[in-house]
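Below: the structure, in structure tokens.
All of the numbers you see were taken from the coordinates with simple rules; none came from a lab. Please read these numbers as outputs of a predicted model, since none were measured by experiment. Cβ placement follows ideal geometry from the backbone for every residue including glycine, while neighbour counts extend to all protein chains displayed.
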Amino acid sequence: MTLKAGSSTRWQKGQSGNPGGRPKLPVDVLAIANAACPDAIRKAISWINHPDPRVSLKAIEIVLDRGLGKPKQALDVTDLTERAVVLPVPMSLEQWADTFGPQTEVMGHGD
């Protein structure tokens with residue numbers, strides 16, 4: 001099936017495709033899942049020494065993520081002189097200078 005632009009099957013601007021959000025799980029399903037967690041962790045721990053390194057690595061990842069939390073991704077922004085950040089800003093260079101000051105260098109539009 002091919003959809004054409006402006007087709008009635010497209011969402012209207014500002015309309016959500018899922019206005020009710022993700023459906024909530026019944027309390028009994030959550031209770032059953034929570035009760036199974038200790039067994040699931042024990043199983044993952046038992047796979048840490050699996051002979052297949054892919055299985056072992058995945059088990060290690062699961063145990064560490066559940067025990068310590070997934071690692072945070074850090075971004076070092078202390079020195080961005082070598083990098084350019086391009087943002088789609090709907091303003092002129094003059095508006096940019098008025099907003100951010102003359103000390104801000106706009107790459108490709110210098111002296």
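Some values worked out for this structure:
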{"quantity": "Under the Debye formula (equal points on every Cα, no solvent term), log10 I(q)/I(0) of the stretch 27-68 at q = 0.22 Å⁻¹", "calculated": "-0.69"}
{"quantity": "Farthest positive-ward along the stretch 27-68 dipole, Cα basis, beta-carbon charges - from ASN49, VAL27, VAL63", "calculated": "ASN49"}
{"quantity": "Added length on full extension, which subtracts the Cα-Cα distance from 0.36 nm per residue, VAL63 to LYS13", "calculated": "13.7 nm"}
{"quantity": "Cβ-based net charge around LYS58, under 11 Å, with every Lys or Arg adding one and every Asp or Glu removing one", "calculated": "-2"}
{"quantity": "Cβ-defined net charge surrounding ASN49, 15 Å radius [Lys, Arg +1; Asp, Glu -1]", "calculated": "+2"}
